[in-house]
Each structure stands twice: as structure tokens, then as C-alpha cells.
Amino acid sequence: MAKPVSIEVWNPNGKYRVVSTKPMPGTRWINLLVEQDCRVEICTQKKTILSVEDIIALIGDKCDGVIGQLTEDWGETLFSALSKAGGKAFSNMAVGYNNVDVNAANKYGVAVGNTPGVLTETTAELAASLSLAAARRIVEADEFMRAGLYDGWLPNLYVGNLLKGQTVGVIGAGRIGSAYARMMVEGFKMNLIYFDLYQSTRLEKFVTAYGEFLKANGEQPVTWKRASSMDEVLQQADVISLHPILDKTTYHLVNKERLALMKKEAILINCSRGPVIDEVALVEHLKHNPMFRVGLDVFEDEPYMKPGLGDMKNAIVVPHIASASKWTREGMATLAALNVLGKIKGYPVWSDPNRVEPFLNENARPPAAAPSIVNAKALGLPVSKL
Ligand code: DGY
């Protein structure tokens with residue numbers, strides 16, 4: 001028998017019972033649920049990662065929907081428990097859903113929501129921040145100052161890399177990868193090389209137009225290239241940012257052999273999922289190549305780092321905060337709540353999950369639709385005409 005978990009309750013007499021496994025930013029998501037006759041229960045247990053048992057206890061005997069987190073293991077056991085409690089909806093408060101067994105959800109007829117669109121720019125901004133911090137050795141220099149070691153300007157103190165005119169490499173030029181590429185090209189006048197199974201025509205046009213603008217103003221134009229392989233990007237780029245989804249094909253995509261292909265002074269950024277990099281191989285590579293730098297938001301065995309990583313001066317590590325801007329996190333909470341609400345109320349699924357603005361406008365009622373249900377097709381859910 002699982003231990004009881006502490007909860008905070010909103011609108012105790014609401015008809016539908018919706019559980020959130022964590023307190024989430026903002027209050028709009030709570031208000032939207034309460035206005036639609038939901039009793040909202042928020043788990044306030046002081047435990048960062050809830051176990052399957054904890055979540056089963058939260059679901060209880062009657063539960064219409066759950067909003068959960070990417071740290072939770074949503075598989076057969078939880079979907080079966082949710083379905084038994086009468087639940088038909090689950091939403092991750094995340095765009096990624098590699099913690100969810102969608103086939104198991106399909107088996108129990110549970111809709112699975114995620115939150116795309118709202119975190120594109122915020123995530124790209126963190127990838128850009130890590131790129132800059134690594135290039136200019138900002139974290140090392142900050143530690144040096146705080147340690148009281150600065151005793152005067154020196155020509156060789158924390159010399160890093162100039163980004164202008166270098167090449168930025170993007171592996172996975174979807175929404176976040178493209179937004180990052182644009183920031184680096186436009187902001188720092190870097191040339192672009194990218195690898196993606198799909199051609200990113202919009203991104204290519206953007207770089208071409210910006211290159212023409214620079215040329216017309218007497219500056220060196222920026223260029224783009226769509227690489228025919230990922231290895232080409234690794235070999236040619238000075239700064240490389242990883243933006244694939246995590247699945248069997250991208251597990252340890254960057255391994256010992258691929259690290260060896262990269263330039264000795266390259267910068268590698270990962271704001272996607274930790275297991276995309278073989279972290280043990282990365283630690284070895286960082287040890288043997290002191291000018292190679294890495295900026296990591298995600299880790300192979302999150303929340304842990306592989307031994308040695310935390311000691312490496314040429315690694316910048318932050319705790320999975322790429323989507324952590326106030327606007328984005330409140331928006332993610334709203335979208336996750338509306339995914340669950342939409343399914344409970346029998347609304348259709350929004351036709352374009354990336355066009356989320358109508359759901360985020362605080363001054364208007366959100367559309368009567370579920371913003372993003374990843375298994376809508378498998379469950380045969382109707383699609384909104386809007
Ligand atoms: C996501 O949404 O998948 C992110 O990793 C959370 O920041």
C-alpha cells in the first residue's frame with residue numbers, strides 16, 4: 001500500500017477530479033480548470049521525483065485526468081491505474097514525452113498531451129546562452145573572481161573563442177534547432193551547417209536573406225549548408241548544438257568515435273535529452289582535450305552526472321532549465337491543463353499544436369479544443385476546424 005501523499009485542493013465540489021503531480025507556475029491553469037467544474041488536486045509532497053507508487057496513490061479510485069512531469073514513468077502500470085479510476089486524459093508538462101509509453105496509453109484509451117510551441121524560443125535562448133558562456137569561458141571566469149584570485153588584467157586571462165565568422169552546426173533543425181540557428185547566425189554572424197532528415201527551407205531562406213543584407217552593407221555575408229550526414233556537421237562546425245528527439249535511433253548519437261571527429265576547440269551544446277550523448281565518453285574527451293568545451297542542460301542519468309563531469313573546468317552544467325522562463329513555464333502549465341480539460345470535456349484536438357497563441361492570451365477565453373494530443377490519431381479523436 002502506497003503512503004498517503006500531501007495535496008492542496010481547489011474547488012472541492014468540482015465535478016471532475018484533475019490531479020497535478022506537482023505545483024506548477026502561475027494560477028491561470030488552476031482557474032481555467034476550476035471555471036470548468038474541475039476539482040483540482042495538486043501534490044505538494046516534498047519529494048522531487050514521484051515514484052509510480054506515489055502517483056497511484058494520487059490517482060486513487062476516481063480520477064478524470066492527470067497532469068504529470070517528464071521525471072515520471074508513465075507506462076502500463078500508471079495508465080492502467082488511471083483507466084481503472086475512470087481517467088481518460090494525461091498531459092506531460094513538457095514538449096518531450098520519452099517518459100511516456102504511448103502504446104500503453106493507447107491500449108487504455110488515454111489521451112496523451114504535451115506542450116509544444118510555447119518553449120521554442122526560451123529553449124533556444126538557453127542553448128545560445130550556453131554557447132556564449134562556453135565560448136567566452138564565463139563560468140570559469142566568474143568562479144575565479146569569486147575566489148578572490150583576480151589581481152590584475154593579463155593578456156592571457158580566460159582567452160576564449162570569437163564566434164563571428166565561425167560555423168554553427170545544428171543537429172536536428174526542427175523548431176528549437178532552427179530558432180537557435182537563427183539566433184547564432186543573426187546575433188553573431190556565424191555561418192550555418194545543419195543536418196536534418198527534412199530540408200529546412202525557411203531557415204535556409206532566412207540565412208540567404210541575412211547574408212544578402214550583410215553584403216549590401218559591406219560586410220562579410222553569412223552562408224548555409226545542409227550537410228549530407230551528421231558527421232559532416234561534427235567535422236566542420238565550431239559550435240554544435242544537439243536538437244534531436246530521444247529514441248532508439250538517437251541514443252548515444254554522440255559517442256567516443258563521433259567526439260573524435262570534432263575540432264579540438266569545438267563547443268558542444270545539449271539542451272535536448274541526456275542520453276543523446278555517451279556521457280562517460282564525453283568526460284574522457286573533456287579530460288584529454290582541455291580546449292574542447294561543452295554546455296549541458298541535460299544528463300544521461302538525470303539528476304546525476306557521470307563521475308568526473310562536475311570536476312571538468314571545460315564543462316558548463318545547468319539543471320535542465322532550458323524551458324525555465326516565467327512566460328514559458330506558465331504557458332506550459334496552461335497547455336497541459338487544457339489538454340486534460342479538452343479531453344474531459346470532449347473537445348476536438350487543435351489542428352496545429354505549434355500555433356498555441358490563442359491558448360496563451362490571458363485576456364481571452366481559450367479555444368474549446370485540446371492544444372496538443374500526441375496520440376489523437378491512434379485514438380481517433382476529432383480535429384478542430386479552427
Ligand atoms: C521539455 O519540455 O521536454 C523540456 O525538456 C522541459 O524543459
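Nothing in this text is a laboratory measurement; each read-out follows from the coordinates by a stated rule. Just so it is clear, the model here is predicted, and its values are computed rather than measured. Heads up, the Cβs are rebuilt from the backbone with ideal geometry, glycines too, and the neighbour counts pull from every protein chain shown.
Brief remarks follow.
- Hydrodynamic estimate: the Kirkwood radius of the stretch 1-149 over Cα pairs, inserted into Stokes-Einstein at 25 °C and 0.890 mPa s, corresponds to D of 142 µm²/s.
- Two-decimal ratio, the stretch 128-223, of alpha-carbon radius of gyration to 2.2 N^0.38 Å: 1.35
- If you sort the three axes of the alpha carbon gyration tensor as a ≥ b ≥ c, you get a/c of 1.5 or more for the stretch 256-314 and a/b above b/c, which makes it prolate.
- Computed Kirkwood radius, in angstrom, where 1/r is averaged over Cα pairs of the stretch 120-317: 17.2 Å
- Between ASP151 and GLU76, the FRET efficiency from the beta-carbon distance, with R0 = 41 Å, is close to 0.10.
- Residue-span extension gain [LYS205 to ASN31] - 0.36 nm each, minus C-alpha spacing: 58.4 nm
- You can think of it this way: the chain between TYR304 and GLU186 has 39.0 nm of extra reach, that is 0.36 nm per residue less the Cα-Cα gap.
- Calculated [θ] (222 nm, deg cm²/dmol) that DSSP helices of n ≥ 4 give over the chain, each run adding -39,500 (n - 2.57): -10500 deg cm²/dmol
- Span-like helix ranges in the chain, DSSP H, alpha carbon extent 18 angstrom or more, Kyte mean at least -1.0: 120-135, 175-188, 201-216, 326-345
- Summarising the strand pairing of the chain, around 10 percent of its internal DSSP beta bridges are antiparallel.
- The ranking of HIS288, HIS243, HIS252, HIS320 from fewest to most other beta carbons within 10 Å of each one's beta carbon is HIS288, HIS252, HIS320, HIS243.
- Cα-only radius of gyration and Dmax that characterise the stretch 226-379, units Å: 19.6, 57
- Working value for the chain: equivalent-ellipsoid semi-axes of 40, 24, 19 Å, each the square root of 5 times a Cα gyration tensor eigenvalue, largest first.
- 15 Å reach of a label modelled at ILE321, 7 Å along Cα-to-Cβ, counting backbone N of the stretch 154-184: none
- Theoretical gain in end-to-end length, LYS47 to VAL9 [0.36 nm per residue, Cα-Cα removed]: 11.8 nm
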